[in-house]
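The values are calculated or read from the model by the stated rules, or taken from the named source; none is laboratory data. Since the model is a prediction, treat every value here as computed from it, not as a measurement. Methodologically, a virtual Cβ is constructed for each residue, glycine included, from the backbone with ideal geometry; neighbour enumeration extends over all protein chains shown. Areas reflect the complete protein model, heavy atoms only, side chains present, ligands, DNA and RNA absent. Shrake-Rupley method; radii C 1.70, N 1.55, O 1.52, S 1.80 Å.
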Amino acid sequence: MMLLVCFPLLFWLDEPLRLPAEFESANFFWEDVDADGLNDVWVRTDQNELWLWNGRQEDANFSLLAQSQEFTNMRPAQSEQGIVASAYAPGIIFYQKDGAWSVWDNLDEFTSRRRLGYAYEGGLFILPTPGGYLRQRPTCEPISLDVKPTLNRQDDEMRIVYPVPHHEQRIGAYWYLPPVIDHERGRLSVQVLDENSSFKSIGNWVSFPTGMAIAKYAYGDLNRDGWIDLAVLTRPAKDFSLFDELSLVVVLGKGPGEFEDHTLVQLKSEQNLWQSGPLTIEPGALVTHYYKGLIRAKFRRDVYNWDEAGFVEPEPKTMKWKVEDADRGSIAVDLDMGGDARPDLLLVDNHGLRVHVRTGSERVEAFDENPITLKFSSNSGFSVHITAGSGGSEFELDSDLAVRNRFRGRGGHVLVVTGKQAVIWELADFGDHIQLQALPRASIQRN
């Protein structure tokens, strides 16, 4: 599920969206398919139907975009004729017109048959190649991205893993790719793509502690010198326990898209992989968010400040509070729930959503310990886990309808994330149709 940058405008609707529901299960997606700044809603059912509600529509009804038995990975995509149903087989992008599939673009000579799958973002298809990815707008010249893979060795098996292109971060005129570790040589590759020079990579290798693997990472201006720095939360590459503590490594930037050839510091973090949350860089501080404890867990927010001597303070300033026993879930720190352009803290688990709003006016602001809560029903027919954002949270939205109970009816809540903002949607199953409605963002009030 891709989460795009434009914030949707959907609150002019006087009635909920309505989807005919002659199916048992379906996948729901909120996405700006045609890149017009409005979120669209599309649904793929278990009967291989593709339904679409365009954010520009003046009515609240879904339209059937396509029905096909040839492809199970159908999705809507923008074309010169508007939004159409598309699908991908290795090397070939298809689109449906008048109920029949046609070849939209043949990229067989560029793409990889061993690396399956594809992505779509803002009118561009992202396709795997033997050495990286293609960014392709159908019928246009493809743009090649050279992305170095991670080489993982475990026992007698060797695996080559390419970073997922969704995790690129756009900062100024550059795209910062996920860092890649060469475990054997103790090197870390920091790749940056310059949009002004045909996405040419201007990254470099950095000396890195050997035997480490990347758990999380974040880009930002840590020392406030105007250049982008890199922070990496690392774990041992082999023989690693979920309860082992993670380490923090910092690499300083020295120019546009350039980094020092060595790591600045390695610090021990008190978090482990089992209870780890987002890693963020705010101006003048490196911040970690995680749970701590086996039975009675505490949420912790550790702030490592950049001191006047030009170093990362090894002892963090900690904010913490207790949570319910074993009540650990997803953590997000870069989503604005209150509409004031300040990100809040979201804690999500099987019981519901807790929103801790930003407080104070400090340089690195804190959160209110008393949350605004939204409970999820245990009888909900929707499997909802809430993820999104760029600050290391790597959330993903997954709202699959379970096998539906047509006699009792089911419903649930979904957190739809778009860029840095989020909206809660209510879904209700009435048997012959499903209703979807966005809750006003004003329902999240600040003190």
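Being modelled with pLDDT of 80 or more and open to solvent by less than 20 Å² (accessible area, probe 1.4 Å) is a property that THR129 has.
Among the residues of region 374-391, is any among the polar types (S, T, N, Q), at pLDDT 65 or above and either crowded, with 21+ Cβ neighbours inside 10 Å or in a loop (DSSP other than H, G, I, E, B) (or both)?
Taking region 374-391 as the starting set, the residues that turn out to be among the polar types (S, T, N, Q) are 377-380, 383, 387, 390.
Of the ones still in play, those that are also at pLDDT 65 or above are none.
No.
As a summary of the residue check, ALA85 satisfies the conditions (1) of a type in the set (A, V, I, L, M); (2) at pLDDT 90 or above; (3) within 27 Å of LEU439 (Cβ to Cβ); (4) under 25 Å from the mean Cα position of the chain (by Cα) except for the one numbered (3). When we screen VAL84, VAL43 for residues that are over 15 Å from GLY123 (Cα atoms) and in contact with a strand residue (DSSP E or B) (Cβ under 7 Å, 6 or more places away or on another chain), the only hit is VAL43. Note on region 291-333: residues that are touching a residue at least 40 places away in the same chain (Cβ under 8 Å) and at positive phi amount to 1.
Here LEU38 meets the list (1) among the aliphatic types (A, V, I, L, M); (2) open to solvent by 20 Å² or more (accessible area, probe 1.4 Å); (3) touching a strand residue (DSSP E or B) at 6+ places or on another chain (Cβ under 8 Å); (4) touching a residue at least 12 places away in the same chain (Cβ under 8 Å) almost entirely, failing just condition (3). Taking the stated definitions as given, is LEU116 in a strand (DSSP E or B) and under 24 Å from the mean Cα position of the chain (by Cα)? Spelling it out, it is not the case that LEU116 is in a strand (DSSP E or B) and under 24 Å from the mean Cα position of the chain (by Cα). When the residues of region 97-113 are filtered to those that are open to solvent by less than 50 Å² (accessible area, probe 1.4 Å) and in a loop (DSSP other than H, G, I, E, B), which remaining residue is farthest from SER86 (Cα to Cα)? Only one residue tops the list, namely SER112.
Every residue, every condition in (1) modelled with pLDDT of 80 or more; (2) touching a Leu at 6+ places or on another chain (Cβ under 8 Å); (3) farther than 24 Å from TYR304 by Cβ, yes or no:
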position: ARG185; (1), (2), (3): no, no, yes
position: LEU188; (1), (2), (3): yes, no, no
position: GLN191; (1), (2), (3): no, yes, yes
position: ASN196; (1), (2), (3): no, no, yes
position: TYR219; (1), (2), (3): yes, yes, no
position: ARG224; (1), (2), (3): yes, no, no
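Examine region 59-80 for a residue that is in contact (Cβ under 8 Å) with a residue 40 or more places away in the chain and among the hydroxyl-bearing types (Ser, Thr, Tyr), and state whether such a residue exists. Yes, region 59-80 contains a residue that is in contact (Cβ under 8 Å) with a residue 40 or more places away in the chain and among the hydroxyl-bearing types (Ser, Thr, Tyr).
For SER330, indicate whether it is hydroxyl-bearing (Ser, Thr, Tyr), at pLDDT below 65 and either open to solvent by 30 Å² or more (accessible area, probe 1.4 Å) or more than 23 Å from the chain's Cα centre (by Cα) (or both). No; evaluated as a whole, the condition is false for this residue.
Of the strands (runs of 3 or more DSSP E) entirely within region 215-318, those holding at least 2 residues that are small (Gly, Ala, Ser) occupy 253-255, 276-282.
If you go through region 55-72 and keep only what is touching a Pro at 6+ places or on another chain (Cβ under 9 Å) and surrounded by 15 or more Cβ atoms within 10 Å (Cβ to Cβ), you end up with GLY55, ALA60, PHE62, LEU65, ALA66. Taking the condition touching a Ser or Thr at 6+ places or on another chain (Cβ under 8 Å) and under 27 Å from ARG358 (Cβ atoms), does ARG300 pass? Criteria met by ARG300.
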